[in-house]
1. If R₀ is 22 angstrom, what is the calculated FRET efficiency for the pair Asn97 and Lys40, using the beta carbon separation as r and rounding to 0.05?
2. Specify the residue with the greatest mean-square fluctuation among Thr260, Thr21, Thr200, computed from a Gaussian network of the chain linking alpha-carbon atoms under 10 Å apart.
3. What distance in nm separates the two pseudo spin-label positions at Arg23 and Leu79, each 7 Å out from Cα along the beta-carbon direction?
4. Can you name the helices of the chain, as whole DSSP H runs, whose Cα span along the helix axis is 15 Å or more and whose Kyte-Doolittle mean is not below -1.0?
5. Based on Cβ point charges of +1 for Lys and Arg and -1 for Asp and Glu, what charge dipole magnitude is obtained for the chain about its Cα centre, in debye rounded to the nearest 20?
6. Counting only helical runs of four or more DSSP H residues, what would the 222 nm mean residue ellipticity of the chain come to if each run contributes -39,500 (n - 2.57) and the total is spread over all its residues?
7. Rounded, prolate or oblate: which fits the chain when a ≥ b ≥ c are the square roots of the eigenvalues of the alpha-carbon gyration tensor, with rounded for a/c under 1.5 and prolate only if a/b beats b/c?
8. Estimate the FRET efficiency between Ser148 and Leu248 by the formula 1/(1 + (r/R0)^6), using the beta-carbon distance for r and 41 Å for R0, to the nearest 0.05.
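Derivation of every value follows stated rules applied to the coordinates shown; laboratory data play no part. Being a predicted model, the structure only gives us computed values, none of them experimental. Methodologically, a virtual Cβ is constructed for each residue, glycine included, from the backbone with ideal geometry; neighbour enumeration extends over all protein chains shown.
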Amino acid sequence: MSIAAENMHTGTPLLELSQVTKRFGGLTAVKDVSFNIWPKEIISVIGPNGAGKTTVFNLITGIYVPTSGDILLQGKSLLGLKPNEVVVRGITRTFQNIRLFNNMTVLENVLVGEHTQLKASVLGSLFHTPRVVREESEARRRALELLSFFGNVLVERQDEYVINLSYADRRRVEIARALAANPKLLLLDEPTAGMNEAETLDAVKYIRRLRDELGLTILLIEHKLAVTMGMSDRIAVLDYGQKIAEGLPEEVRRDERVITAYLGKSKTGDEHVTEL
């Protein structure tokens, strides 16, 4: 990272990865990866296929346990926490392949994301006490508010099964469900994959709004370099499980290691800088 970028940050990072390594038998998927994320940043992790990007996401969210190293959220280690406990701490995510409940409506899918925020007891739920009624009403109100963040279409289609929505709209519902848990940090795994140009531009706009209007910190994996370079405050680059570069988009774009690892060389020996 450049000195200028480093000087932008003071205090405790929201998330810290410290020398994180993950081995699967004889395969080292991630090796000694370290980087920090500060509040309200949009950070991208890029790299060739198989570089370890999704493994890093799985380590942060408790799906995998690091072989060594530490992961801290607001200075407290996440090691040993189950995925649902990581959500309670304030980290939610989406997946490369959308994971919605297709036999549930748009609204019901978002309400599922709110379960960590509900405080009603089992007994109260059984007898549908006034407190439970109020809590359910508030959960519904908040779910509709989250859907409205993406425009009126999802609110109007709240009672439809999500399987009937377009791919781009299902992606929006998945993000709304992640937001329902009231996260501090949102991890987006290829949020524009499978989208056309217009849908991609719209996704970029609402991801920026998530930070600018809701104050979220966002870590994303994205293969569309135009999206990554145009939206990120900083970028970390992985290759063969190791971090080979980190910095401002323009710095990463010109980094020789990134050009070689991510794009290779042209037949004339000139780097494909214009593609980054």
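1. Here the calculated transfer efficiency is 0.20.
2. Comparing Thr260, Thr21, Thr200 in the GNM, the peak value goes to Thr260.
3. Reported label-point gap for Arg23 and Leu79 is 1.5 nm.
4. Both cut-offs are met by 130-148, 167-179, 197-212.
5. 660
6. Counting only the DSSP helices, I get -10000 deg cm²/dmol.
7. The shape class here is prolate.
8. Computed FRET efficiency for Ser148 and Leu248 comes out at 0.75.
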